[in-house]
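In what follows, a single structure is set out as structure tokens and then discussed.
The values are calculated or read from the model by the stated rules, or taken from the named source; none is laboratory data. Note that the structure is predicted; figures quoted are calculated from it, not measured. Note that we place each Cβ from the backbone using ideal geometry, even for glycine, and neighbour counts take in every protein chain shown.
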Amino acid sequence: MKLRSLLVAASCLFTGAANADSISLPIWKDKAEALGYDLPKPFGLNLSYMSMEQGINVDSIALSGLHGLEKALNMEAGAGKQASDVMTLRGDVWLLPFLNVYGLVGTLDGYSETNVKVSVLGQKLGEFPFRLDLEGYTYGGGFVLAGGYDQLFALVDASYTQTNLNVIDGAIDAIVVSPRVGFDFHKNGVPVRFWVGAMYQNVEQELSGTLKQAGINLSGRFDVKQHLESEWNTIAGMQYQINDDWYLLGEAGFGDRQSIFFSLDRRF
């Protein structure tokens, strides 16, 4: 069902991109090419996959609606981890030689897990895992600012997304900003670009919902407040240009947030 939804979205984006030749984009294309810049085709579709794991610190876990039982419970949580697999379909356009804007839709599977110390009326019961299995849809948009000199280039990718998950009420907001600097080997006869950079994530981390949504056969509710162990991490990647229409891209994240990212790009 998820793959089918992405394919339907892809067919809609392909229909719009089919008329790309009738629109002269990016603006100021001729001036940029006169200065020696080699610009990609203006419209693009990108199918990508990312696997990510990062540390989280759970500030509190609160239960309610348990007929007063929650008043006797005390739950202390600490460090945990969050893992996710995301498939995304992105459509983009170069409006200016240095400005790309895009919209995206995708699916997410993952989990958030931490160990919780539970006590009742001051008596310790033990330490138990508290796990939320996450599944849902994500959508949003962003922009890329890019520039370069000779074979060196730099860019900043900034996006805003919302993710609707099966186990919580409402959506999770996320802002991601990724500055990168790199080297283009095209002038050396190799259609490859390498770069290094950093990724910043500001993700809403308050998760509220019913215990039944979380797979617990009780009628109460939960409220989890947590924060990322680190908002920044290092990234490094490369892009291989198959021809003027197709590109392959791979990127890895290191440090407190570890990730693997692959994408296939088609330009029009």
In contact with a Lys or Arg (Cβ under 9 Å, 6 or more places away or on another chain) and at pLDDT below 95 - does that describe any residue in region 97-112? yes
Please work out which one of (1) surrounded by 14 or more Cβ atoms within 10 Å (Cβ to Cβ); (2) at pLDDT 95 or above is the condition Val190 fails and give its number. (1)
Could you please tell me which pairs satisfy a Cβ distance under 6 Å, a separation of 6+ or placement on different chains, a first residue in region 164-179 that is touching a residue at least 24 places away in the same chain (Cβ under 8 Å), and a second residue that is among the β-branched types (Val, Ile, Thr) and surrounded by fewer than 19 Cβ atoms within 10 Å (Cβ to Cβ)? Ala174/Val203; Pro179/Val156
Can you tell me which condition Lys81 does not meet? The list is (1) more than 30 Å from Lys31 (Cα to Cα); (2) surrounded by fewer than 19 Cβ atoms within 10 Å (Cβ to Cβ); (3) more than 21 Å from the chain's Cα centre (by Cα), and all the others hold. (3)
State which residue pairs qualify: first residue touching a residue at least 24 places away in the same chain (Cβ under 8 Å) and small (Gly, Ala, Ser) and inside region 62-78, second residue surrounded by fewer than 12 Cβ atoms within 10 Å (Cβ to Cβ) and assigned to a strand (DSSP E or B) in any location, beta carbons under 8 Å apart, and separation of 6 or more residues or different chains. Ala72/Val120
When the residues of region 232-268 are filtered to those that are in a loop (DSSP other than H, G, I, E, B) and surrounded by 14 or more Cβ atoms within 10 Å (Cβ to Cβ), which remaining residue is modelled with the lowest pLDDT? Asp256
Just to verify a result, which residue in region 216-231, among those that are over 21 Å from the mean Cα position of the chain (by Cα) and in a loop (DSSP other than H, G, I, E, B), is nearest to Lys71 (Cα to Cα)? Gly220
Those residues of region 58-75 which are within 30 Å of Thr234 (Cα to Cα) and surrounded by 15 or more Cβ atoms within 10 Å (Cβ to Cβ), in sequence order: Val58
Is it fair to say Glu33 is free of Cβ contacts under 8 Å to residues at least 12 places away in the same chain, outside any loop (DSSP other than H, G, I, E, B) and among the acidic types (Asp, Glu)? yes
For residues that are buried (at least 16 other Cβ atoms within 10 Å of the Cβ) and either modelled with pLDDT under 90 or among the charged types (D, E, K, R) (or both), tally how many sit in region 195-207. 2
